[in-house]
């Protein structure tokens, strides 16, 4: 039997109109220190987002979410934040903010495989 280890995750949300505090869940960010895993899985349901704000620029949202993921995985081409170590990147991405892209509170759990757990959370919470 494989060893279980701690992971943390947050749900990534698009908030088309911040003043209304309405959001659509679009992804899951997961970090597991022991397995050196940090990634974000994203799926944007354009119809759900446009139901909250018909004039929103979905291509801009996709660009922001792509940057979010590139920072999480440590793509050095994504800027200075992407050069930080995994815990710092994850904490920066999941910090409270009042912007178009926000995250839920961070939740802990135990897993054997961070990647498999990430897939399970993504399927359960986003798809």
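Every number in this text was worked out from the coordinates using simple rules, so none of it is lab data. Values in this document were obtained by computation on a predicted structure and should not be read as measured data.
Helix 114-125 and the longest principal axis of the Cα set of the chain meet at an angle near 30°. I need the Debye-formula profile for region 33-127: one equal scatterer per C-alpha, no solvent, reported as log10 I(q)/I(0) at q = 0.23 1/Å, two decimals. With one equal scatterer per Cα and no solvent, log10 I(q)/I(0) is -1.41. For the chain, the mean residue ellipticity at 222 nm estimated from helices alone is -10500 deg cm²/dmol, where every DSSP H run of n ≥ 4 contributes -39500 (n - 2.57) and the total is divided by all residues, rounded to the nearest 500.
Compared with the dominant principal axis of the Cα atoms in the chain, helix 58-73 is inclined by about 20°.
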